[in-house]
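**Student:** The structure that follows is given in the form of structure tokens.
The values are calculated or read from the model by the stated rules, or taken from the named source; none is laboratory data. Because the structure is a prediction, the values reported are computed rather than measured. All Cβ positions, even for glycine, are placed from backbone atoms using ideal geometry, and neighbour counts span all protein chains on display.
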């Protein structure tokens with residue numbers, strides 16, 4: 001099996017029409033005559049570039065943003081500022097990776113903000129009452145709380161045969177209500193939490209905060225599973241065409257529950273990271289976060305109707321949104337612009353997505369490919 | 001044997017009737033109202049009736065166009081942000097000493113324009129409405145904060161604020177109930193008794209078939225978004241006058257309550273199915289349950305659980321009823337044709 005088809009269907013099968021051959025001779029001419037003929041990997045790279053256009057767009061936007069902000073105020077590139085951006089990105093990226101998994105299957109999980117709150121409050125309460133609890137256990141408990149919420153979402157979507165939008169809108173209310181009911185207005189403060197846990201929120205390994213390392217681990221593992229493993233490919237297949245996936249023998253129901261479980265578990269994990277970073281947790285933790293998470297995923301090039309996109313893009317989207325927030329502060333622009341910019345970016349991203357799709361369809365038609 | 005089939009056919013009849021969500025939701029709403037009036041202190045008072053109507057005013061208004069939008073198979077999540085932006089602009093215009101008589105039409109126009117922006121993205125560019133309106137949800141709310149920051153504008157003219165919170169002279173019927181009733185009748189007639197309404201259902205059932213039948217789905221949806229924005233703008237004006245406070249975060253999160261009420265009212269999220277009486281009942285049910293629980297000292301936040309459970313049950317119940325019905329029918333089929 002060549003890697004090419006894998007690559008192609010990860011960003012929509014209809015993109016396979018881009019021209020890998022046209023650029024190949026130039027590339028071959030550049031290497032010495034003694035070199036081997038171009039390998040498929042080399043010949044694929046211009047195609048790759050086209051397919052990754054959306055990720056590339058985010059990287060360019062990010063680079064531009066950082067360059068402009070840094071030239072107007074050098075404080076922006078100070079260690080502390082970068083650390084803040086990375087910590088903020090870590091939490092949002094963990095959520096966005098989970099959301100991307102669900103969105104790729106043509107579903108959506110609006111309950112992630114509430115799940116983050118429930119998990120943060122659960123772990124905060126546990127740590128307050130049992131200060132000896134190891135951090136690893138806290139992370140696992142948080143992920144488990146979230147995983148249960150996600151599995152409930154998945155079961156409701158699967159067996160209730162109802163759209164994920166409605167189900168997760170309902171559980172958004174329910175989970176938040178449960179957290180409020182349980183917390184009853186109380187708040188967990190940093191001085192009630194064991195210092196070991198708070199240290200974990202601030203500690204670094206070779207200068208990289210632990211939270212960032214955890215986020216990177218989540219990103220890499222999820223990315224590899226989605227791209228290279230059968231389970232991952234099946235999620236893309238479900239998103240492209242649920243009916244075809246079912247006919248192809250994919251157990252769509254089980255995969256749906258699994259995808260929601262992953263999203264919930266990652267939201268729960270993000271809750272623990274949230275608690276470790278901020279130290280102060282109340283029942284409102286993570287309120288409204290679902291909007292930022294969906295924004296990160298959409299800006300990161302994951303199509304809302306499933307079947308395409310990558311967790312790398314989603315994580316880049318999270319990085320871009322977080323960076324915009326701190327750039328505005330540094331540039332002394334009214335913070336209120338941030339939400340408007342997020343909205344504008346979503347519209348821009350889905351508009352660009354449509355444009356790319358339309359151009360690809362047009363080029364396929366011109367080449368006489370089988371596209372209806 | 002014959003007794004058994006009689007029981008079965010009766011259950012089949014019952015489930016069939018229950019599958020008619022409209023009737024069921026209206027019945028449930030009436031039961032809730034009666035039980036609440038009998039058991040919850042102060043629920044049945046005329047003063048509480050006024051509060052109830054004012055509380056359900058924004059949800060009821062926005063739910064009317066939202067019903068039509070969802071019946072066509074689309075969604076508009078930006079309604080609450082439109083409300084907030086209109087409220088913020090109203091406040092900032094009032095701050096710059098414009099007369100209220102020019103502010104109100106301007107804000108209505110603004111609402112319509114914001115709706116047209118949604119309509120443009122959804123119908124002209126052909127983008128998914130869920131993503132578009134999540135984007136404009138953030139955009140409009142952000143613009144509201146850009147316009148007004150986190151300050152509040154008060155001191156709107158007393159005759160306007162009094163009219164919104166007041167009753168019809170000599171009665172205990174709130175003035176704003178008139179607006180709700182008139183708009184509900186307009187939208188009800190539009191949806192259920194005009195060619196436009198039939199086109200709305202047709203587009204929701206099958207856009208392609210509707211196109212072959214001479215409907216222009218794009219144009220229809222565009223105007224539905226405009227109307228949705230317009231009504232959201234009206235809700236923003238009434239919200240501002242009711243609390244005599246223009247704030248950028250007015251109505252935050254209302255879109256979820258509206259979608260919940262509409263789906264509770266039996267409108268299918270997939271489009272093509274739904275009726276306005278059910279939606280009105282859904283709005284009343286949601287608002288009166290919250291009102292009754294609040295009177296019984298249940299915390300505001302815990303009410304979220306009720307809203308969420310209601311929403312999930314409302315989408316699960318028809319499917320469950322269908323499943324039960326078809327299994328009953330299958331069993332009956334087996335008993336009558338023993339093969």
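**Student:** Every residue in the range A:256-284 that is in a helix (DSSP H, G or I), within 23 Å of residue A:171 (Cβ to Cβ) and out of contact with any helix residue (DSSP H, G or I) (no Cβ under 6 Å at 6 or more places or on another chain), please. Spell out the reasoning first.
**Tutor:** Here is the first cut: in the range A:256-284, the ones in a helix (DSSP H, G or I) are A:256-278.
Restricting the remaining residues to those that are within 23 Å of residue A:171 (Cβ to Cβ) gives A:256-275.
Scanning the range A:256-284 gives a single hit, A:258.
Residue by residue, here is whether (1) surrounded by fewer than 16 Cβ atoms within 10 Å (Cβ to Cβ); (2) on the phi < 0 side of the Ramachandran plot; (3) in contact with a helix residue (DSSP H, G or I) (Cβ under 8 Å, 6 or more places away or on another chain); (4) facing chain B (nearest Cβ under 8 Å) holds:
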{"position": "A:323", "(1), (2), (3), (4)": "no, yes, yes, no"}
{"position": "A:326", "(1), (2), (3), (4)": "no, yes, yes, no"}
{"position": "A:339", "(1), (2), (3), (4)": "no, yes, yes, yes"}
{"position": "A:343", "(1), (2), (3), (4)": "no, yes, yes, yes"}
{"position": "A:355", "(1), (2), (3), (4)": "yes, yes, no, no"}
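**Student:** For residues that are modelled with pLDDT of 80 or more and within 7 Å of another protein chain (Cβ to nearest Cβ), scanning just the range B:303-321, find the one that is farthest from residue B:290 (Cα to Cα).
**Tutor:** Keep residues of the range B:303-321 that are modelled with pLDDT of 80 or more, which gives B:305-313, B:316.
Narrowing the set further to residues that are within 7 Å of another protein chain (Cβ to nearest Cβ) leaves B:305, B:307-309, B:311-312, B:316.
Values: B:305: 11, B:307: 8, B:308: 12, B:309: 13, B:311: 14, B:312: 16, B:316: 21 Å.
Per the stated criteria, the residue is B:316.
**Student:** Turning to a different aspect of this structure: Looking at (1) in a loop (DSSP other than H, G, I, E, B); (2) modelled with pLDDT of 85 or more, can you tell me which one residue A:96 breaks?
**Tutor:** Against the list (1) in a loop (DSSP other than H, G, I, E, B); (2) modelled with pLDDT of 85 or more, residue A:96 comes up short only on (1).
**Student:** Still on this structure, please answer the following. Pick out the one residue from B:238, B:263 that is more than 14 Å from chain A (Cβ to nearest Cβ) and either buried (at least 19 other Cβ atoms within 10 Å of the Cβ) or closer than 16 Å to residue B:55 by Cα (or both). Break it down into steps so the answer makes sense when it comes.
**Tutor:** Values: B:263 fails: more than 14 Å from chain A (Cβ to nearest Cβ).
On inspection, the qualifying residue turns out to be B:238.
**Student:** So which residues in the range B:212-251 are part of a loop (DSSP other than H, G, I, E, B) and under 22 Å from residue B:153 (Cα atoms)?
**Tutor:** To start, the set of residues in the range B:212-251 that are part of a loop (DSSP other than H, G, I, E, B) comprises B:213-216, B:244-245, B:248-251.
B:244, B:245, B:248, B:249, B:250, B:251 - these are the residues of the range B:212-251 that are part of a loop (DSSP other than H, G, I, E, B) and under 22 Å from residue B:153 (Cα atoms).
**Student:** For the range B:123-136, which residues satisfy the criterion of being at the interface with another protein chain (Cβ under 7 Å from one of its Cβ atoms), assigned to a helix (DSSP H, G or I) and either out of contact with any helix residue (DSSP H, G or I) (no Cβ under 6 Å at 6 or more places or on another chain) or closer than 13 Å to residue A:340 by Cα (or both)?
**Tutor:** B:130, B:134, B:135, B:136
**Student:** Among (1) more than 14 Å from chain B (Cβ to nearest Cβ); (2) modelled with pLDDT of 85 or more; (3) within 22 Å of residue A:289 (Cα to Cα), which single condition is residue A:171 missing?
**Tutor:** The single condition residue A:171 does not satisfy is (1).
**Student:** Among B:182, B:203, which is in a helix (DSSP H, G or I) and either in contact (Cβ under 8 Å) with a residue 40 or more places away in the chain or within 14 Å of another protein chain (Cβ to nearest Cβ) (or both)? Break it down into steps so the answer makes sense when it comes.
**Tutor:** Details: B:182 fails: either in contact (Cβ under 8 Å) with a residue 40 or more places away in the chain or within 14 Å of another protein chain (Cβ to nearest Cβ) (or both).
It is B:203.
**Student:** Which one of these is part of a loop (DSSP other than H, G, I, E, B) and in contact with a helix residue (DSSP H, G or I) (Cβ under 8 Å, 6 or more places away or on another chain): B:43, B:120, B:51?
**Tutor:** On the way: B:120 fails: part of a loop (DSSP other than H, G, I, E, B); B:51 fails: part of a loop (DSSP other than H, G, I, E, B).
Criteria check complete, one pass: B:43.
**Student:** Among the numbered criteria (1) within 14 Å of another protein chain (Cβ to nearest Cβ); (2) under 22 Å from residue B:228 (Cα atoms); (3) in contact (Cβ under 8 Å) with a residue 24 or more places away in the chain, which one does residue B:142 miss?
**Tutor:** (3)
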